[in-house]
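Below is one structure, written out as structure tokens; the observations come after it.
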Amino acid sequence: MIDRTARLTRATPRLAELSLIARSEDSRRFRWPSAIATDRLAMSEALLPVAGLPVWESLDDERRREIALLEATHFFSLNIAGERELMAGIAQRLYQGHSVHVSRYLQHFLHEENEHTAVFARFCLDYGGRIFRDRQVSFPRQFTKGEEEFLFFARVLVFEEIAFHYNRKIADDPDVWSLARDINRYHADDESRHIAFGRLLLEDMWERFIPIWDAGHKARIVSYLERYIASVLNSYVNPDVHRAAGLPAGTRDQILESAHWKALREESTARTRRWLRKIGASHDV
Ligand SMILES: [Fe+2]
Ligand SMILES: [Fe+2]
């Protein structure tokens with residue numbers, strides 16, 4: 001049987017070391033041009049929710065670039081909102097409630113999320129001219145201490161995995177503006193460590209809690225995670241973006257019904273769902 005706690009203890013100092021290496025590369029990270037590119041989209045066409053609708057076909061290149069910039073600004077705004085919740089939660093947990101090696105790594109985690117927010121905000125404000133407001137609804141519930149701890153890190157993991165899918169796709173897309181690709185690559189690199197840590201921590205917690213949780217506890221957690229995944233996905237299709245882009249009312253409903261969006265939804269959550277099934281935190285085990 002795998003000793004999950006020992007794995008977490010071994011992995012965290014190595015992740016911290018990798019954070020220090022990444023930090024030493026900070027100063028030469030990005031070149032911020034004075035204006036946006038006029039020959040490239042700021043986000044991959046395949047990831048734009050509206051790209052699955054007939055209206056997309058009728059738009060000229062300039063309109064497409066405009067919409068892609070709004071969607072890139074929105075994607076980064078979503079990350080700013082997610083990181084806000086994450087940083088608040090991590091700050092509360094620093095040096096209490098977890099082992100020292102986990103706390104030491106959380107310090108790196110917090111530092112990196114703060115840096116991400118600064119990078120995303122600069123992109124949004126300098127090129128997109130705004131940060132979209134956070135529309136995601138939270139659904140507070142009464143949980144036991146163990147459940148709450150597990151669900152905090154599980155929410156972080158779900159959020160990061162979905163964003164990571166987008167980050168990697170955009171970073172690898174030669175049709176995307178180089179600054180947007182670079183930011184997405186930088187974020188994916190840091191997030192790959194956060195995701196590795198989140199999985200190890202959650203697997204360790206799951207194994208420790210599952211013998212003391214009854215079937216009702218477990219079912220509650222699984223349902224909560226299902227709803228959380230759905231709510232993160234929903235937040236990716238934002239009517240504020242459509243309004244800013246001058247798209248007709250009803251665009252959001254059309255997107256949610258489109259085969260393009262349904263496929264995007266599946267592919268961006270496939271890894272998370274596989275992992276939830278693997279640890280047994282899924283209805284379809
Ligand atoms: Fe981040
Ligand atoms: Fe992260």
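Here, each number is a calculation from the coordinates, and none is a lab measurement. Every value quoted in this text rests on a predicted model; they were computed, and no experiment measured them. Here Cβ is always computed from backbone atoms with ideal geometry, including for glycine, and neighbour counts include all displayed protein chains.
Annotation: the residues Phe143, Phe159, Phe120, sorted from fewest to most other C-beta atoms within 10 Å of their own C-beta, follow the order Phe143, Phe120, Phe159. At an R0 of 45 angstrom, the distance between the Cβ atoms of Thr144 and Asp60 translates into a FRET efficiency of 0.20. Evaluated on the stretch 1-131, the Kirkwood hydrodynamic radius is 17.6 Å, with distances taken between all distinct Cα atoms. Length gained on full extension, Arg122 to Ser231: 36.6 nm, using 0.36 nm per residue less the C-alpha separation.
Taking only the C-alpha atoms of the stretch 182-250, the Rg (one decimal) and the largest Cα-Cα distance, Dmax (whole number), read 18.3, 54 Å.
Normalised Debye scattering of the chain at q = 0.11, 0.14 Å⁻¹ gives log10 I(q)/I(0) of -0.67, -1.06, counting only Cα atoms as equal scatterers and leaving out solvent.
In this structure, the amide hydrogen of Trp177, modeled 1.01 Å from its nitrogen in the peptide plane, lies closer than 5 angstrom to those of Leu41, Ala42, Met43, counting only residues at least 5 positions away or on a different chain. Shown for Lys218, Lys262: other C-beta atoms within 10 Å of each C-beta, ranked fewest to most, produce the order Lys262, Lys218. Placing pseudo-labels 7 Å out from each Cα toward the beta carbon at Lys278 and Ala6 gives an inter-label distance of 2.0 nm. Note on Glu203, Glu266, Glu161: ascending count of other Cβ atoms within 10 Å places them as Glu266, Glu203, Glu161, the fewest first.
Our coupling estimate for the stretch 157-168, obtained by passing each phi through the Karplus curve with A = 6.51, B = -1.76, C = 1.60 and θ = phi - 60°, is 4, 4, 4, 5, 5, 5, 4, 4, 4, 5, 3, 5 Hz, Gly and Pro reported as x.
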